[in-house]
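To start, the structure under review is shown below, and the notes come after it.
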Amino acid sequence: MTDDKDVLRDVWFGRIPTCFTLYQDEITEREAEPYYLLLPRISYLTLVTDKVKKHFQKVMRQEEVSEIWFEYEGTPLKWHYPIGLLFDLHASNTALPWSITVHFKNFPEKDLLHCHSKDVIEAHFMACIKEADALKHKSQVINEMQKKDHKQLWMGLQNDKFEQFWAINRKLMEYPPEDSGFRYIPFRIYQATTERPFIQKLFRPIASGGQLHTLGDLLKDVCPSAITSEDGEQKTQVVIHGIEPMLETPIQWLSEHMSYPDNFLHISIIPRPTD
Amino acid sequence: MAMPSSLLWAVDNFGRVYTLSTVGQYWELCKDPQLKFKRVSAAKQCCWGIACDDEVYTYVFSGDVPIRNQEETYENQRWNPVGGFCEKLLPSDRWQWSDVSGLKHQQLDEFTLPSPHWEWESDWYVDENFEGEPTEKGGWTYALDFPSTYTTDKKWNSYVRRRRWIRYRRYKSRDVWAKIIPDCYDVLQNCFNDISVGGWEITDEPLGHLSVWAVSLRGKVCYRENVCHHNPEGSTWSFITTPSEVVQISCGPCDLLWATLLEGQAIVREGIDRNNPQGISWSIVESPSFGNGIMHVSVGVDVVWCVTEDRKVWFRRGVNSHNPCGTSWIEMVGEMMMVTVGLNNQVWGIGRNDRAIYFREGVTPSELTGKTWKEIVSGRESDKSQTGSSTSLVSAGCFFTDDIQNQTNAVIQGDTDTSSDTELPSVPMNLANTPPMGAAASSSGNGTGNQTAEIHASFAVDPLDSDQGETTVASTSNEKANLEMHKSSTNPNPSAELHWTNVDLKEAQKHPVLSTSTFAETPILSSLGMFSEGAEEQDGADEHPQWAWVSGGGCLVHLHSPLKWFTVPSGLSSFMQSLSITPAQTAAWRKQIFQQLCGRIKRELENFEHYEQAIEQSVWVKTGTLQWWRNWKPYKWMDVRVTLEQFTGSDGMRDSILFIYYMHQEEKKYIHIFLNEVTVVVEVLDEGKHSFALYTPERTEQRWPIRLAASTEQEMHDWLSLLNMSCCESRRIQGPPSHHAIWSVTCKGDIFVSEPSPELEARPHLMPCDQMFWRQVGGHLQLIECNNRGVVWGIGDDHTAWVYTGGYGGGFIQGLGSSADNIYTQSDVKCLYIYENQRWNPVTGYSSRGLPTDRYMWSDASGRQECTKNNTKLPSPQWSWVSDWYIDFNTPGGTDEEGWQYAADFPASYHGYKSMKDFVRRRRWARKCKIVTTGPWLEVPPVTLWDISIIPSSDADDEEAVALWAISDKGDVLCRLGVTQQNPSGTSWLHVGADQPFISISIGAFYQVWGIARDGSAFYRGSVSSKKPAGDSWYHIPSPRKRKLKQVSVGRMSVFVLDINGNLWYREGITPDYPQGSTWDYVSNNICKISVGPLDQVWVIADKVQGRHSLSRGTVCHRTGVQPMRPKGLTWDYGIGGGWEHITVRGNAA
């Protein structure tokens, strides 16, 4: 029998083969070769692309180099979304490797946040974890942790240390035995087709009658358009970590096993490809 | 698999008896619905009650083990020259039929059944077994004269002979109410008003004792004599004088007994102990409330609760067995008709006005008064037709005494009150403190505001719900702004905090919305309206039960027991709404996720493995300071620095090296261990230190492991967990053990499992068993048995039976080394013993002044170690005391009334009576301690076990029943029915009759069952098969050279037994046609335990094994050279140890 622990590993070790190419208008000294990399789904673009940056900087004139940013088919990629989410949201059902264009000019101030150092990523990551724990445990677990535990979570993510990360994160995934789940589920629902960044509401894992809420219950409640359509035909896909869990999946289980390291369930709603 | 459960008993106002299981959600109607009751008092194994005919009934649960008593009588004969042995005895002789002493005349037909609740198992038959040997002579034993020593051999001077006849009777009235046959026909003498059972934990009394106390209609207190497991009805009532007329009585599980007097005082029984279960005298305790006498009292282990006439509830402070009266009363919140204290001091009550049953939430050893009353809203499954009308309310009174009937009126009075006032003044705190919806929202201590107002308010809020959703979105879309702030300030916290307090505020408003706008709340609202005039309007399905009596004496609730009593079972409609009703493990959604993740990995990685990883792998290091048992003389602990370095190889696998840095002659040195060479990391039994040992094959051979100690338990567990995981990782072992795994248990009760490689039993390249890798599994056991289908059972120190759930990890192995499911809480209890030694001297008699050469006056069993009550420590910090020191009257050899055993001198063999030649005496003191841990084990209640054996099955049929035999801790032979690979816990026990208690059992291939009786004799069970799981009869097999045996193990064709002196014997001559074999053949000495596997492989725990560096006791050894033509093998190969106590290789059929 496969164990639920394996899901944690599979989620953690998810990789997206990516081909980075330099934007054609960037001025180079010589031709830039594309750069191929396996990106961890659970990490952040600016955290794992030092190699990419170095690779392209080599062919560029120093004065042309400013803050790096990435774009996929015209959409600037938000570094503060996990990589897996970006891929699921924008590039599901496309051919691999994922082709990302690298820019050094014309930073799209309107669409992207600046990321001058890894501290900014860490601050964002920790803020997400804290918000998630506020929802799950009224912040009790995260506040009881020591500074070094917080650091271990971040270092675990940064260095891709599954055990190191989960040794601490385990505590964030616990709940009192008398409850059957978290207080609220930290989740965000993203739709490729809308302007709104994402949907986030308070949602309990357990119905007041004691039944487990499911993914379907959540969507019905906060994003009914994702699962219903006029003609009965399913026009959208509900994607987490590159897979489509069944709507019957208990939301508490999903939160414990398929949250990103920031402790949020990032759910993408994308149009179902037409064959 | 069933969780252990217990029952809460209650009587409704129609006199019907219901039970509610701690794992159930519905009240179940007790069988025998014709009989109506007014009182019940429950214990774990039975319930006593008073029916409306005022007579006493007992309800004994059916168990898999029958309640059976042996009757015996002796037939005596004398030889005379004419007729040989005949019935004609000399005038001076004993009777022809007598008891064992010959003093009492007892003929076969004089034995009658004590009551209609008993039946005979069979007719009288002759006992063929004499002192562990078959007589084969019609059971006759011979002697020179009466009374004398008898032998089985008839000699020239054998003038008398005798034989034993036996017959069993069995208690048959189980799972029904059995009427206690009145002592005499004086009607009033046998009419009772109240009953209470308890006393089963009076310090060290014989197991199965029950104190049954009753109050007659005339106010007299009676005690039922001789109630115990083997005599569930007891014998007679004896009257206990009281200062005045008694109304009600309550007996706790230990030595507490309180009763209430007609005058409103309570009386407390003093002097209850093992020798005086009835106690000695009464003390009087006054009512806490002036003008309101005590109406009802209930006692627990060391707590007393009472209800006064004004229905106020009180808790007695300072009660314990030295001061059963306690010190003072504390008034509690809530108004109750009655309260009942259950096991573990948990409390239930019946509400004054609503007559609902309330559970006292939050009762813990440190907070005996608990926190709040919480209503039990469980429905009644079987009974939907009842309507709660006010007439039935009045009729409830008929089950109470006059005293209470008055109060029934008061209740009706109260009803009128409440109908005019929504706030229910009479049970104010119940409802305000415990919002009945609390179960769903778990809002303990969440404000004591006006309940009604809150509900109204929430309705008002409801329409705003959508608005709030909007706010949430708005606030989160501010995220960008937030991030900007992070950037500007290096400390992200201030902004982040703002962010989440925001969430919390919303929560405060939203909470009632969520909890009231759902289906399950409706019944609660209607229960608020219960006492309004429109009571009939409520939905029939939600009718509110009215209770007259409740008894928690058999109900065990732990602090974190997940009770389902506080939510109304959802109706079908809401049930259908939820899609996730399939068991989680088999659910389609889970399969789908596993499959899709596999697909995703394939899709996203298969063709791209040559791509560079974005994050480079690096060495990960854990360091710490530990103590190390240094390996040069003088041996001692020294502080060392320890470092574990973890590498990731190019194949993604991890390997680790443990470095230990130490100073030797002012020089810095280190030793290092590759973790892929470590064979076991094991905690060491050490009361003072948190220490553990690491073995490699080399160190196993030396019997000299690396021993390390941490300063705290937590630190040690961190290291153990990490080292265990690193070892498993370097050997690529993960997940649960296979069906072939070899299981073992150490003297600490820790469980280890090893995956056998094919080379372990396969010639010619046998793998030495010191190379086996053992990993720990959570839990605490003293014995473990398995078969090759993955069925694994264990027995704890307290003889509780446990079944393996298929998980791994637990205990200190948490996080990733542990499975998420199938890990449960496990506890175990054991006794520590010390001895009090005394010597007789002519002046003072026995005293604690010994001779200078004597042992310590307080010592261990050997007398070599001083052990006092104060210096005896818990086995390890994981244990805690659960009792005080008490005298052990069950010491082997017997004791006198005060627990003493006598002997001529130390050390000697002791006996339980004093004779002229005895100059020393000793007595054993015991103290219980308990460990609570977690592991992949579930309890198999209720029978406690001594030994287990599971058949190694050959065919691969998953559905086929697996034969499992066991010995109960009382010595009954049992056969478990319904055990399959899917349901390893089975369904029920089948009792296999035997003439004497057993201590060991083993079932080998082809259903060969062998057992060892307590007297050391061996038996073979005939005709056992899958169709006939219990076989038909026992065949007595003479022991090897009259030795007393203690263990048997049966493999495929091999049968080995172990005698009490540690000698191992092999049974020769076993063939399919003659499975009993012919003779015993000596194999080896120095053996503690044996396990013969399905390949006839022989593994043992050897007593002493000398290594190159040290000697170990309790070592795993493997018999080498075992072949079909040489089943006894050649020699021993030494494996892991010492400190090992049990091994089972019965899973390894590969």
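The values are calculated or read from the model by the stated rules, or taken from the named source; none is laboratory data. Just so we're clear, the structure is a prediction, and the values are computed from it rather than from any experiment. All Cβ positions, glycine included, derive from the backbone under ideal geometry; neighbour counts span all protein chains shown.
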Which one of these does B:P936 not meet: (1) surrounded by 17 or more Cβ atoms within 10 Å (Cβ to Cβ); (2) closer than 22 Å to B:D884 by Cβ; (3) modelled with pLDDT of 90 or more?
(2)
Please verify whether A:E174 is of a type in the set (D, E, K, R), without any contact (Cβ under 8 Å) to a residue 12 or more places away in the chain and either part of a loop (DSSP other than H, G, I, E, B) or buried (at least 21 other Cβ atoms within 10 Å of the Cβ) (or both), treating the condition exactly as stated.
no
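Would you mention how many residues in region B:851-869 are outside any loop (DSSP other than H, G, I, E, B) and either crowded, with 17+ Cβ neighbours inside 10 Å or in contact with a Leu (Cβ under 9 Å, 6 or more places away or on another chain) (or both)?
Applying the first criterion (outside any loop (DSSP other than H, G, I, E, B)) to region B:851-869 yields B:858-859, B:866.
From the residues that got through so far, the ones that are either crowded, with 17+ Cβ neighbours inside 10 Å or in contact with a Leu (Cβ under 9 Å, 6 or more places away or on another chain) (or both) too are B:858-859.
Going through region B:851-869 one residue at a time, the tally reaches 2.
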Go through region A:169-194 and give me each residue that's hydroxyl-bearing (S, T, Y) and away from chain B (no Cβ under 11 Å).
A:Y190, A:T193, A:T194
So if I check each of A:R41, A:R15, which one is within 11 Å of another protein chain (Cβ to nearest Cβ), under 30 Å from B:A588 (Cα atoms) and in contact with a Leu (Cβ under 6 Å, 6 or more places away or on another chain)?
A:R15
Quick check on my filter: what residues within region B:193-250 are of a type in the set (G, A, S) and part of a loop (DSSP other than H, G, I, E, B)?
B:G199, B:G208, B:G219, B:G234, B:S235, B:S244
When region B:1033-1055 is checked residue by residue, the ones that are in contact with a strand residue (DSSP E or B) (Cβ under 7 Å, 6 or more places away or on another chain), farther than 24 Å from B:L1095 by Cβ and part of a loop (DSSP other than H, G, I, E, B) are B:P1038, B:S1039, B:R1043, B:K1044
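Please pick out the residue among A:F104, A:F56, A:F70 that is of a type in the set (F, W, Y), touching a residue at least 12 places away in the same chain (Cβ under 8 Å) and within 14 Å of chain B (Cβ to nearest Cβ). Let's see the steps before the verdict.
Working: A:F104 fails: within 14 Å of chain B (Cβ to nearest Cβ); A:F56 fails: within 14 Å of chain B (Cβ to nearest Cβ).
Going through A:F104, A:F56, A:F70 in turn, the sole match is A:F70.
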Has region A:2-12 got any residue that is at the interface with another protein chain (Cβ under 9 Å from one of its Cβ atoms), touching a residue at least 12 places away in the same chain (Cβ under 8 Å), surrounded by fewer than 17 Cβ atoms within 10 Å (Cβ to Cβ) and more than 16 Å from B:I615 (Cα to Cα)?
yes
Check A:M258, A:M246 and return the single one that is on the phi < 0 side of the Ramachandran plot and without any contact (Cβ under 8 Å) to a residue 40 or more places away in the chain.
A:M246
Considering residues that are within 8 Å of chain B (Cβ to nearest Cβ), crowded, with 23+ Cβ neighbours inside 10 Å and in contact (Cβ under 8 Å) with a residue 40 or more places away in the chain, the number found within region A:209-241 is 1
Being outside any strand (DSSP E or B) and of a type in the set (D, E, K, R) is the filter here, so list the residues in region B:136-176 that pass it.
B:E136, B:K137, B:D145, B:D153, B:K154, B:K155, B:K172, B:R174, B:D175
Looking only at region B:856-877, decide whether some residue is within 30 Å of B:G806 (Cβ to Cβ) and hydroxyl-bearing (S, T, Y).
yes
Can you go through A:G156, A:G84 and tell me which one is farther than 30 Å from A:R61 by Cα, at pLDDT below 90, crowded, with 20+ Cβ neighbours inside 10 Å and more than 9 Å from chain B (Cβ to nearest Cβ)?
A:G156
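Can A:R9 be described as part of a loop (DSSP other than H, G, I, E, B), among the basic types (K, R) and farther than 24 Å from A:D111 by Cα? If you could, list the steps in order and put the result at the bottom.
Working: part of a loop (DSSP other than H, G, I, E, B): no; among the basic types (K, R): yes; farther than 24 Å from A:D111 by Cα: yes.
When the stated conditions are applied, A:R9 does not pass them.
Among A:V59, A:V48, which is of a type in the set (A, V, I, L, M, F, W, C), surrounded by fewer than 16 Cβ atoms within 10 Å (Cβ to Cβ) and in contact with a strand residue (DSSP E or B) (Cβ under 9 Å, 6 or more places away or on another chain)? If you could, list the steps in order and put the result at the bottom.
Working: A:V48 fails: surrounded by fewer than 16 Cβ atoms within 10 Å (Cβ to Cβ).
Checking each option against the conditions leaves just A:V59.
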Mind counting the residues in region B:894-921 that are under 22 Å from B:I202 (Cα atoms) and surrounded by fewer than 14 Cβ atoms within 10 Å (Cβ to Cβ)?
3
Before we move on, is A:R204 charged (D, E, K, R), facing chain B (nearest Cβ under 7 Å) and more than 18 Å from the chain's Cα centre (by Cα)?
yes
Got a number for residues in region B:604-616 being more than 7 Å from every other protein chain (Cβ to nearest Cβ) and surrounded by 12 or more Cβ atoms within 10 Å (Cβ to Cβ)?
1
Report every pair of residues separated by at least 6 positions or lying on different chains whose Cβ atoms are under 8 Å apart, first residue within region B:70-87 and surrounded by 13 or more Cβ atoms within 10 Å (Cβ to Cβ), second among the hydroxyl-bearing types (S, T, Y).
B:Q70/B:Y168; B:E71/B:Y168; B:T73/B:S98; B:Y74/B:S98; B:N76/B:S98; B:R78/B:Y159; B:W79/B:S158; B:W79/B:Y159
If you scan region A:128-140, which residues turn out to be surrounded by fewer than 17 Cβ atoms within 10 Å (Cβ to Cβ) and either more than 9 Å from chain B (Cβ to nearest Cβ) or on the phi < 0 side of the Ramachandran plot (or both)?
A:Q140
